[in-house]
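**Student:** Once you've had a glance at the structure underneath, I'll fire off some questions.
The values are calculated or read from the model by the stated rules, or taken from the named source; none is laboratory data. Small disclaimer: the values here were computed from a predicted structure and weren't measured. Glycine gets a Cβ as well: all are built from the backbone with ideal geometry, and neighbour counts include every protein chain shown. Note: accessible area is taken over every heavy atom of the protein model, side chains too, but ligands, DNA and RNA are not part of it. Shrake-Rupley method; radii C 1.70, N 1.55, O 1.52, S 1.80 Å.
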Amino acid sequence: MKQSQLISGLDCTCDRLRRLTRRVTQMYDHHLQPSGLRITQFVLLATLEAAESVSVTELAEALGMDRTTLTRNLQPLALSGYLTVDEGSDRRSRSVRITDVGSTVVKNATLYWEKAQKQMVEVIGAEQLQKFHELMDCSLEQLSAD
């Protein structure tokens with residue numbers, strides 16, 4: 001019996017994806033540990049690094065998250081001084097910007113992230129990983145269209 005069917009007996013796509021993302025997250029978190037960031041925090045800060053200032057709504061859409069989850073994830077990074085959350089164009093919106101300290105943290109953490117990326121290529125194989133990325137991108141596009 002396959003591991004995915006071991007407990008539930010179901011052949012569930014969501015279950016497989018969640019187990020895969022947990023494993024991949026654990027690997028990236030392990031590599032990023034010396035930086036003090038988890039992969040979710042690194043991706044969030046790296047995304048902000050690429051933008052001057054972005055609204056919480058725009059950032060949530062870019063990361064595929066809902067606003068409340070994103071807001072919870074922003075709080076510890078703001079408390080650490082890695083980003084600021086300010087009033088946006090109107091009183092209801094918020095604008096997020098990475099700080100100089102946050103930029104430095106991302107630059108330092110990038111070395112650890114690159115090691116994680118390298119391990120993924122070694123474990124999965126460059127060609128297989130490229131195909132997997134294409135499949136994920138296509139699937140995200142199709143699921144976003146619904």
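**Student:** Roughly what angle does helix 39-49 make with the longest principal axis of the chain, taking Cα atoms, 0 to 90 degrees, to the nearest 10?
**Tutor:** With rounding to tens, the tilt is 50 degrees.
**Student:** For the chain, give the percent of accessible area contributed by carbon and sulfur heavy atoms, probe 1.4 Å, rounded to a whole number.
**Tutor:** Numbers: 5570 of 10390 Å².
About 54 percent, which is the carbon plus sulfur part of the accessible surface.
**Student:** With the crude spin-label approximation of a point 7 Å out along Cα→Cβ, what separation in nm comes out for Asp29 versus Asp11?
**Tutor:** The modelled label-to-label distance comes out at 3.1 nm.
**Student:** A further question follows. Rounded, prolate or oblate: which one fits the stretch 14-80, using the alpha carbon gyration tensor with axes a ≥ b ≥ c (rounded when a/c is under 1.5, else prolate when a/b beats b/c, else oblate)?
**Tutor:** oblate
**Student:** Testing the spin-label approximation: label points 7 Å from Cα along Cα→Cβ at Leu135 and Glu122. State their distance in nm.
**Tutor:** Simple spin-label model gives 2.4 nm for this pair.
**Student:** Provide the net charge surrounding Ala60, with neighbours chosen by a C-beta distance below 10 Å and charges set as Lys +1, Arg +1, Asp -1, Glu -1.
**Tutor:** Here the count lands on -2.
**Student:** Net charge near Arg72: determine it from the other residues with C-beta under 14 Å of the C-beta of Arg72, scoring Lys and Arg +1 and Asp and Glu -1. Don't skip to the end; give the middle numbers.
**Tutor:** Details: positive: Arg38, Arg67, Arg94; negative: Asp66.
Here the charged neighbours net out to +2.
**Student:** For helix 126-145, what angle does its Cα long axis make with the longest principal axis of the chain, in degrees from 0 to 90 and rounded to 10?
**Tutor:** Result, in degrees: 70.
**Student:** At 0.36 nm per residue, minus the direct Cα-Cα distance, what do Ala51 and Arg18 gain on full extension? Give it in nm, one decimal, please.
**Tutor:** Difference between extended and current length: 9.0 nm.
**Student:** Before rounding to the nearest 500, sum -39500 (n - 2.57) across all DSSP H runs of length at least 4 in the chain and divide by the residue total; then give [θ] at 222 nm in deg cm²/dmol. Please list the in-between numbers first.
**Tutor:** On the way: 7 runs with 101 residues, N = 146.
Computed mean residue ellipticity for the chain: -22500 deg cm²/dmol.
**Student:** Still on this model: In the stretch 25-123, which trypsin sites (Lys or Arg not before Pro) are in a loop and have at most 12 other Cβ atoms within 10 Å, using DSSP for the loop call? Please report the intermediate quantities before stating the final value.
**Tutor:** Details: sites: Arg38, Arg67, Arg72, Arg91, Arg92, Arg94, Arg97, Lys107, Lys115, Lys118; in loops: Arg38, Arg91, Arg92.
Those satisfying the criteria are Arg91, Arg92.
**Student:** To the nearest 0.05, how large is the calculated FRET efficiency for Val85 and Leu111 if R₀ is 41 Å and r is the Cβ-Cβ distance?
**Tutor:** Efficiency at R0 = 41 Å is approximately 0.90.
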